[in-house]
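A short worksheet on the structure shown next.
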Amino acid sequence: MKSIKVLILMGSKSDRSVMKKAEVVLEEFGVRFKTMIRSAHRTPEATVQAVQDAEEAGCQVFICAAGMAAHLAGVVCSKTVKPVIGVPIASGPLNGEDALLSTVMMPPGLPVATVGVNAAKNAGLLAVQMLAQSDDNLTSLLNIDRAAQAEAILAEG
């Protein structure tokens, strides 16, 4: 694995359309990342190996997307002390509410930052904010982005 700052893991290829929004954010901010499909339940050993390989490649933040039982972020959190951001995916009969609760209700001592259902853009931005704690260029770019958002709202009248 090449040098990366963020690893995006998703439970299945059906999550790709949602997670593309996180990839776009990371690309816009010039953050090196890799995206992989790994399942907490169907590929547990490969999931753990992906975390280990990513850390060896310099990964600082993990973004994990999964629907329904949504255990991917929790499994990743159990294998790293780096920040993990969970993206609950809208799927199944509860349309993502089960994934949201599974992701946000981690046991004490194993926190996972959780964004809203299908909120991959926010996951990407949160990862950039985490990286910006030690990167002045990212801090500057985030300030520019926030100013642009404010200008766009004010321009609407």
Inset, instruction - Determine which member of the set L141, L154 is more than 23 Å from S14 (Cβ to Cβ), over 18 Å from the mean Cα position of the chain (by Cα) and in contact (Cβ under 8 Å) with a residue 12 or more places away in the chain. - result: L141
Inset, instruction - Determine whether the stretch 132-140 contains at least one residue that is among the hydroxyl-bearing types (S, T, Y), touching a helix residue (DSSP H, G or I) at 6+ places or on another chain (Cβ under 7 Å) and in a strand (DSSP E or B). - result: no
Legend entry - One residue from M1, M106, M36, M19 being over 30 Å from N137 (Cα atoms) and either free of Cβ contacts under 8 Å to residues at least 40 places away in the same chain or touching a strand residue (DSSP E or B) at 6+ places or on another chain (Cβ under 7 Å) (or both): M106
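crowded, with 18+ Cβ neighbours inside 10 Å and either touching a helix residue (DSSP H, G or I) at 6+ places or on another chain (Cβ under 9 Å) or on the phi > 0 side of the Ramachandran plot (or both): is that true of K20 in this structure?
It is false that K20 is crowded, with 18+ Cβ neighbours inside 10 Å and either touching a helix residue (DSSP H, G or I) at 6+ places or on another chain (Cβ under 9 Å) or on the phi > 0 side of the Ramachandran plot (or both).
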Legend entry - Residues that are in contact with a Leu (Cβ under 8 Å, 6 or more places away or on another chain) and surrounded by fewer than 17 Cβ atoms within 10 Å (Cβ to Cβ), drawn from the stretch 82-127: G116
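Any residue that is in a loop (DSSP other than H, G, I, E, B), touching a residue at least 40 places away in the same chain (Cβ under 8 Å) and out of contact with any Phe, Trp or Tyr (no Cβ under 9 Å at 6 or more places or on another chain) - is there at least one of those in the stretch 43-58?
Taking every residue of the stretch 43-58 in turn, at least one turns out to be in a loop (DSSP other than H, G, I, E, B), touching a residue at least 40 places away in the same chain (Cβ under 8 Å) and out of contact with any Phe, Trp or Tyr (no Cβ under 9 Å at 6 or more places or on another chain).
Count, please, the residues in the stretch 94-152 that happen to be polar (S, T, N, Q) and farther than 22 Å from H71 by Cβ. Outline the logic, then answer.
Residues of the stretch 94-152 that are polar (S, T, N, Q), as a first pass: 95, 102-103, 114, 118, 122, 129, 133-134, 137, 139-140, 143, 149.
Among the residues that remain, those that are also farther than 22 Å from H71 by Cβ are: 129, 133-134, 137, 139-140, 143, 149.
Within the stretch 94-152, residues that are polar (S, T, N, Q) and farther than 22 Å from H71 by Cβ number 8.
Every number in this text was worked out from the coordinates using simple rules, so none of it is lab data. In this text the structure is predicted, and so the values were computed from the model without any measurement. For neighbour counting, all protein chains shown are included, and Cβ atoms are generated from backbone atoms with ideal geometry for every residue, glycine included.
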